[in-house]
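What follows is calculated from the coordinates using simple rules that are stated; it is not laboratory data. Owing to the predicted nature of the structure, the values given are computational and were not obtained by experimental measurement. Positions of Cβ are generated from backbone atoms using ideal geometry, with glycine treated the same way; all protein chains shown enter the neighbour counts.
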Ligand SMILES: Cc1cc2nc3c(=O)[nH]c(=O)nc-3n(C[C@H](O)[C@H](O)[C@H](O)COP(=O)(O)OP(=O)(O)OC[C@H]3O[C@@H](n4cnc5c(N)ncnc54)[C@H](O)[C@@H]3O)c2cc1C
Ligand SMILES: O=C(O)[C@@H]1CCCCN1
């Protein structure tokens, strides 16, 4: 098949990471092609849905630091496009007062001087009447946190990319990548060439990496995205000061339980479990495990008495998990002009703008703006069970 086009860079996968990478490349005047296997927009990956949490509250400084610039980049995009993508709600973090995880969240906020409030058992109900704080739990609110309008953000960043001259070809699944000084990318529709390639293929990352001789230790899980009906309409929305929340661990489980106010679907509050069961990304809907929903039901009965403890809507999404839950943002170990953004482990969306900037820098051979040690591929090699 003859070559259909030559580009400075080809980005594979038009989720949040690929879309922001393509946008950054186009901003740097690079001739860029963004390839997507499905017709856009779609709901088969990890970036769909109306909302995502954005927060500075983390259990590690590095993410809080990244968020400083990232918030500015989100605001710039809002201004450039004239569209609102963020709504401040605050994020309530709860967890056993003595647990390491809860203490790390709290100290990271304090150390980094993030505007915050520590709540006590005495004043908790006055501030957040919807939730019962468990005995022995601490509570702290990251006041800077809120909601990102995810679907809208994706549409906007893709639109801005196109306005800058970028090309999106959807319904074009990449079937092969041939490394070299000029990389050759084959889809069912044609063959393209570029000086560099960025792979941001979400749950399909390893499938694309196989022809390049690399396999990352990624686990793909299906997440049941559950919405719970308010007993009293309009009681758990942002107007009623219901915040986003994370329970770091609790009686029901060791994994986070998290929630988003009911503005997304009127009357329905999104409350999910931060883990799911393993799936093949192409067989996602055959994974029917609902044990996470049992955990959520027990929590809602105990701590959210204003919600009906039966999910009203269940949608699906996927996480691509690394063993340590840190991202992969790095060059391919054998080919420096193939760059990988993967393993966003269920917490990547908020970082889209800054990850896009970093992947763009790596693909242009520039020194990245941050020390990316935490996100390097070599960290997996030290682990005896690593697939590398
Ligand atoms: C239920 C849920 C809740 C979440 N909540 C939050 C949150 O509150 N805050 C937050 O910050 N993050 C959150 N996340 C995580 C965040 O959404 C993900 O980290 C992020 O969307 C990952 O984006 P991605 O671009 O890596 O993957 P994707 O969005 O999956 O994009 C990858 C794209 O590559 C395409 N592709 C794959 N293979 C090929 C191929 N061969 N050829 C062409 N295209 C290909 C796919 O079709 C897909 O469109 C959540 C995730 C889920 C599932
Ligand atoms: O990235 C986030 O902010 C959320 C936290 C809770 C789990 C899902 N992801």
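Taking 0.36 nm per intervening residue step and subtracting the Cα-Cα distance, what contour gain separates residue 277 from residue 100 on full extension?
Value of the extension gain: 61.2 nm.
Find the relative contact order for region 249-343 and round it to a whole percent, using C-alpha pairs within less than 8 Å whose residues are 6+ positions apart.
Relative contact order of region 249-343: 17 percent.
Using the basic label-point model (7 angstrom from Cα toward the beta carbon), what is the residue 182 to residue 126 distance in nanometres?
It works out to 7.0 nm between the two label points.
Once the Cα atoms of helix 16-27 and of the chain are each reduced to a long axis, what angle between those two axes, in degrees from 0 to 90 to the nearest 10, is obtained?
That helix lies at roughly 50 degrees to the long axis.
Going by C-beta contacts inside 10 Å, put 284, 87 in order with the fewest on the left.
Ordered from fewest to most neighbouring Cβ atoms within 10 Å, 284, 87 come out as 87, 284.
May I ask you to sort 265, 7 by Cβ crowding, counting other Cβ atoms within 10 Å and putting the fewest first?
So the ranking, lowest neighbour count to highest, is 265, 7.
Round to the nearest 10 and give me the degree value, 0 to 90, for the angle of helix 150-163's Cα axis relative to the longest principal axis of the chain.
30
Measuring from label point to label point, each 7 Å out along Cα→Cβ, what is the residue 336 to residue 117 span in nm?
Roughly 5.2 nm, to one decimal.
With r defined as the distance between the Cβ atoms of residue 65 and residue 87 and R0 fixed at 25 Å, what FRET efficiency is calculated, to the nearest 0.05?
0.60
When the chain is fully extended, how far beyond the present Cα-Cα distance does residue 29 get from residue 373, taking 0.36 nm per residue of separation?
121.0 nm
How big, in percent, is the set of alpha carbon pairs in the chain lying more than 35 Å apart?
Considering the chain, 25 percent of its Cα-Cα pairs are separated by more than 35 Å.
Which order do peptides 9-21, 34-46, 286-298 fall in by mean Cβ count within 10 Å, highest first?
9-21, 34-46, 286-298
What share of the DSSP beta bridges in the chain is antiparallel, in percent to the nearest 5?
About 70 percent, rounded to the nearest 5.
So between residue 215 and residue 308, what do we pick up on full extension, going 0.36 nm a residue minus the alpha carbon distance?
29.1 nm
Quick check: Cα centre of region 108-130 to Cα centre of region 44-66, how many Å?
20
With an 8 Å Cα cut-off and a minimum separation of 6 or more residues, compute the relative contact order for region 277-388 in percent.
19
Compute the distance in nm between two label points, each set 7 Å from the Cα along the Cα-to-Cβ direction, one at residue 324 and one at residue 381.
The answer from the label model is 1.4 nm.
Expressed as a rounded percentage, what relative contact order does the chain have, with Cα pairs under 8 Å and six or more residues apart?
About 22 percent, as a whole number.
Using Cα atoms only, what is the angle between the long axis of helix 61-81 and the major principal axis of the chain, expressed in degrees (0 to 90) to the nearest 10?
It is inclined by approximately 70 degrees.
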